[in-house]
Amino acid sequence: MRAPLLASLPLLFAACRAPDEVAPTPPAELALVPLPVSVTTRPGAFALGAATRIAVAPGAEGVGERLAEVLRPSTGLALPVVTAAGAATDVALRLDAAELAALGPEGYLLEVGEAGVAVTAPTPAGLFYGCQTLRQMLPAEVERRALVSGVAWTVPYASLRDTPRFAWRGAMLDVARHFFGVANVERFVDLASYHKLNRLHLHLTDDQGWRVQIDAWPALATVGGATEVGDGPGGYYTKADVAELVAYAEARFVTLVPEIDLPGHVNAALSAYGELNPDGQPAAPYTGTDVGWSSLWLDGPATAGFVADVLAEVAAAFPGPFLHIGGDEAEATPAAAYAAFVASLGPEVAALGKTLVGWEEVGAAELAPPFLAQFWLSDAKIAAARDRGAGVIASPAPYAYLDMKYDAATPIGQSYLGFTSVQKAYEWDPVLGGLGAEDVVGLEAPLWTETVASLADVELLAYPRLARHGEIAWSPREGRDWETYRVRLARHGARLDALEVGYHRSAEIDWP
Ligand code: TNX
């Protein structure tokens, strides 16, 4: 593959940020990932029992149902979701917009005591995150999908106050190099949102496959979607599939960010339609793993209409506020043509009511804010984007790329930038590469799938590293310490086991 310029990699540890709140290591009986802003426990425990209801405020019914769905199979308890204030035997989910506005749109308070369990938040999203924390305060077996007997379903008495550091807490799944069906993506959403991530970027198109139905250009999916790396069958999402994924993600407060990669990484489209090629013939399908060699025929008479149709349909199918136009590694597109094309997408995406997102290379184009640029390799390129007013999503490849091998023994993955051990994925900060805290909207951990063909492959590379990226995105920067994280992650491993996550049992961690 490529041999990127390591010299341009930033000094990742130099970044600093004004201390906000200090995150203490939680008391020994808790092993929360991500770490909350503040937590104290005291003697005593609440127990889920036959009388326990999920007592919700109007507007919190969905969050209550999600919690009940997790807790019912293992505990065997009825846990009815009712609209009520909540009694001492209940888990109450309360909305209080006015009182708790200071917690921000995703923060929550969690009180466990003699009066029962109460999660209080200004928004349903905050309640959802409080519920993810509550799950981690119960015995790990609560995550099993089958009835577990002989376990007391207790939660230690505690007071927590919590709110995320960053608004953009993302993961990316490349469904183009290998296709992953709806159920697999939903599983990915479950695990990501359990670790308090809130964006799933879907890399929907690349040289090897086109994964979303476009009614105006149906062969994109039916022809362009019929290949993937190797000789697998590929696949694509129908509009109904997209609607299902959107609803599933929304119910877990995850915004899907669709990417149509332009003007490079487009061979699947060129293979579906002759009119997108100068010779009028469909390009040969491609199932290898080289990058940087394909380009849209930007002067072609059909190309602008193709781009407009695709972006309009994708913008309509994915109701979230973001549209990712790719822009990476367009080495087969002349630089001036690249800059003019990407600049033209600025107003086009804005007219669709979306915020443009692009890889760091889009800083070469005259884009106007608001837009977001995704840092993956080059300090200079991301600085150019920042100087044009981009908000930065930090995805530094050596630290945040989930497709990097952990070590030489990892059976799948990449090593073109070296290895990314669990410790290395722990030791980075999104404010890096000469950026200031005010430039960075958050982080995203991408999983490219040239070598990743199954859900088992996905989970081996994503976990436990993605749990840590969730923590880097959520928790205060202070209070980080590898030695205590190792211990906390080891205990968190029992939860990943109960969730049947096929994570990498790295020798860096003393797993139970
Ligand atoms: C570079 S990172 C790419 C992808 C590859 C990846 C392999 C980026 C924006 N583009 O096309 O899949 O390297 O790790």
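Structure data summary
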| read-out | value |
| --- | --- |
| Prolate/oblate/rounded call for the stretch 324-391, Cα gyration tensor, a/c under 1.5 rounded | oblate |
| Helix-only [θ]222 nm of the chain, DSSP H runs n ≥ 4, -39500 (n - 2.57) each, per residue, nearest 500 | -8500 deg cm²/dmol |
| Whole-number D in µm² s⁻¹ for the stretch 239-382, Kirkwood Cα-pair radius fed into Stokes-Einstein, 20 °C, 1.002 mPa s | 134 µm²/s |
| The stretch 312-352 - percent of accessible surface contributed by carbon and sulfur, probe 1.4 Å | 72 percent |
| Separation of the SER149 and GLU61 label points, Cα + 7 Å toward Cβ, nm | 3.6 nm |
| Theoretical gain in end-to-end length, ALA490 to VAL182 [0.36 nm per residue, Cα-Cα removed] | 107.8 nm |
| The chain - accessible surface per residue (Å², probe 1.4 Å) | 34 Å² |
| Cα long-axis angle, helix 303-317 against the chain (0 to 90 degrees, to the nearest 10) | 10 degrees |
| Backbone HN-Hα couplings from phi across the stretch 233-244 [Karplus 6.51/-1.76/1.60, Hz, Gly and Pro as x] | x, x, x, 7, 8, 6, 4, 5, 4, 4, 4, 5 |
| Computed lengthening from ARG480 to ARG72, 0.36 nm per intervening residue step minus Cα-Cα distance | 143.4 nm |
| The stretch 85-135 shape via C-alpha gyration tensor axes, a/c threshold 1.5 | prolate |
| Full-extension gain in nm, ASP231 to ALA380, via 0.36 nm per residue minus C-alpha separation | 49.8 nm |
| Trypsin sites (Lys or Arg not before Pro) lying in DSSP loop within the stretch 419-512, provided at most 14 other Cβ fall within 10 Å | ARG505 |
| Projected label distance in nm at ALA97 and ALA247, using a 7 Å step from Cα toward the beta-carbon | 2.6 nm |
| Under 5 Å, built H, 5+ apart or other chain: amide partners of ALA445 | GLY170, ALA171, MET172 |
| Placed amide H near VAL440: partners under 5 Å, 5+ positions off or other chain | VAL392 |
| Using θ = phi - 60° and Karplus 6.51 cos²θ - 1.76 cosθ + 1.60, couplings along the stretch 155-169 (whole Hz; Gly, Pro as x) | 10, x, 4, 7, 10, 10, 10, 8, 7, x, 6, 10, 6, 9, 10 |
| Amide H partners (placed H, <5 Å) of ASP162, local residues excluded | TYR108 |
| Candidates per GluC sites (Glu not before Pro) in the stretch 276-368, loop by DSSP, up to 13 other Cβ within 10 Å | GLU366 |
| Solvent-accessible area, 1.4 Å probe, carbon plus sulfur percent, for the stretch 168-223 | 57 percent |
| The chain - percent relative contact order, Cα under 8 Å, separation 6 or more | 17 percent |
| Stokes-Einstein D for the chain, Kirkwood Rh over Cα pairs, 10 °C, 1.306 mPa s (µm²/s) | 67 µm²/s |
| Straight-distance crosslink candidates among lysines, where the alpha carbon sits under 29 Å from LYS424 and sequence neighbours closer than 8 are dropped | LYS196, LYS381, LYS405 |
| Label-to-label distance, nm, for residues given as GLU427 and ALA51 (7 Å Cα→Cβ offset) | 5.2 nm |
| Portion, in percent, of the accessible area of the stretch 423-487 that falls on carbon or sulfur, probe 1.4 Å | 54 percent |
| Degrees between helix 61-75 axis and first principal axis of the chain (Cα, 0 to 90, nearest 10) | 70 degrees |
| Relative contact order computed over the stretch 438-512 (Cα-Cα under 8 Å; 6+ residues apart), in percent | 38 percent |
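The values are calculated or read from the model by the stated rules, or taken from the named source; none is laboratory data. Just so we're clear, the structure is a prediction, and the values are computed from it rather than from any experiment. Glycine also receives a Cβ, built like all others from the backbone with ideal geometry; neighbour counts cover every protein chain displayed. When the accessible area is computed, the model is the full protein with side chains, heavy atoms only, and any ligands, DNA or RNA have been set aside. Shrake-Rupley method; radii C 1.70, N 1.55, O 1.52, S 1.80 Å.
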